[in-house]
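Just so you know, all these numbers are worked out from the coordinates, no wet-lab data involved. Keep in mind the model is a prediction, meaning the values are calculated, not measured. No Cβ is skipped: glycine too gets one built from the backbone with ideal geometry, and neighbour counts run over all protein chains shown.
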Amino acid sequence: MITPQVQQAYDAAKEIYAKHGIDTDKILEKLKEINISMHCWQGDDVRGFLNQEQELTGGISVTGNYPGAARTPEELRQDLEKAYSLIPGKHKLNLHAIYADTEEKIDLDQIEPHHYTKWVEWAKEQGIGLDFNPTCFSHPNSEDGFTLSHPNKEIRNFWIEHCKRARKVGEYFGKELGQPCVTNVWIPDGYKDTPVDRLTPRKRLEEALDEVFKEEIDQKYNLDAVESKLFGIGSESYVVGSHEFYMGYALTRNKLLCLDAGHFHPTEVVSNKLSAISLFNKGILLHVSRPVRWDSDHVILLDDELQEIARELVVNDLLKKTYIGLDFFDASINRIAAWVIGMRNMIKALLKAYLEPSEQLRELELKGDFTARLALREEFKTYPFGAIWDYYCALNGVPVREEWLHEVRDYEQNILKERNKNQKSLIENR
């Protein structure tokens, strides 16, 4: 519901932006067309449902023990629905292979589309698309830090088979839901200390990926992506799948290149890479996260880098070839709130980028008038963006400003705390 106060503030802001030729109504229509892939693993601390007792490995570490983590696919879907109800627009869900909803006892090299049927049925009900990821971590076959580049051929073949099957699941999602599924391959492979041979593991990885992608799948159903990392816990000195490796692989194999905002050196920023890569690559998968020193997966803030990423996508018209997903996990705060904060911030950043006079700024830059360029960009930081955001939320039937937090608190009292009590009761009765 759009209240008179929200409407009045919007009308006043609309007039201010119009003086610079910015049509806020048209921008909100554009914004409505952008779907962001929300990651399922924030809801249960990357445990999944295939083997919930397995210890997290592969550099994956979740801190905190906030009450109410989802324990079943039904609980996770319930939490996801609550989060989506507080986020404007229609989006996607990003699933990892370990989130199969099945009573069968299967291993990762046995997954099939029918193990995810309930997710597809739910996605249809919600009117959203699905993305997918093979899970190449937290498994006995990854305990020594290697998967697709493993020196043991038997173990390497296990992971090749898993990734092949993941692509078939992605194809199934695309066919059923009428929009392509982005299936992203990330592996933790690497050494804690300096290796003697950096080349041979990369040769094995190249050969393994070629085998994974051997079968042609129609890109209207499934899009393949590969993701790099600078270092991780247990691979501080050497990561097989480096940025240079995957950039070369993506370019020569016509794959999407995944850039995770937390997977680079602290002095590097993803925003500065987007335009360069866009000139040569078929497309980009963007994992939006927030690095803090050596940890790459904090809830995203509406900070300078997030806004710069959004500006690059909007100003350079890169949204047509960029797939945006979130990737963070924080168990120290309410998990649903983490989703909502991250998703709303990503949308806010895109809206702020659309509300800048980009053509005017581009002209000033070409003229060499850097004084006016700087002055105008700084002044626009205090333009009434918030009034446009509030109106967009109201227009989409989601809470305006921090009102969403009240709904999360109610959900926590009525659902999450009861869930936690039931869990304690189960433990005590064992």
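Structure summary
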| item | result |
| --- | --- |
| By average C-beta atoms within 10 angstrom, highest first, the peptides 194-202, 56-64, 326-334 | 326-334, 56-64, 194-202 |
| Integer Hz, Karplus 6.51/-1.76/1.60 couplings in order for the stretch 233-241, x for Gly and Pro | 5, x, 9, 5, 9, 7, 10, 4, x |
| Folded to 0 to 90 degrees: helix 4-18 orientation relative to the chain principal axis, Cα | 80 degrees |
| Nearest 10 degrees, 0 to 90: helix 117-126 Cα axis against the chain principal axis | 10 degrees |
| Helical mean residue ellipticity (222 nm; -39500 (n - 2.57) per DSSP H run of 4+; nearest 500) of the chain | -14000 deg cm²/dmol |
| Lys pairs under 14 Å by Cα in the stretch 245-336, provided they are eight or more residues apart or on distinct chains | 4 |
| Long-range HN-HN contacts of Ile324 with modeled amide H, under 5 Å | Ser37, Leu286 |
| In order through the stretch 369-376: 3J(HN,Hα) via Karplus (6.51 cos²θ - 1.76 cosθ + 1.60), integer Hz, x for Gly, Pro | 8, 6, 5, 5, 4, 5, 4, 5 |
| Whole-angstrom gap from the stretch 125-190 to the stretch 72-109, using each part's C-alpha centre | 16 Å |
| Residues Glu305, Glu215, sorted so that the one with the fewest Cβ neighbours within 10 Å comes first | Glu215, Glu305 |
| Packing-based exposure ordering (other Cβ within 10 Å, fewest first) of Leu177, Leu95 | Leu177, Leu95 |
| Among Leu209, Leu279, Leu223, residue whose mean-square fluctuation peaks in a GNM of the chain (springs only between Cα atoms under 10 Å) | Leu279 |
| Vicinal HN-Hα couplings computed from phi for the stretch 306-319 (Karplus, 6.51 cos²θ - 1.76 cosθ + 1.60; Hz; Gly/Pro x) | 4, 5, 5, 4, 4, 4, 4, 5, 7, 4, 9, 6, 8, 5 |
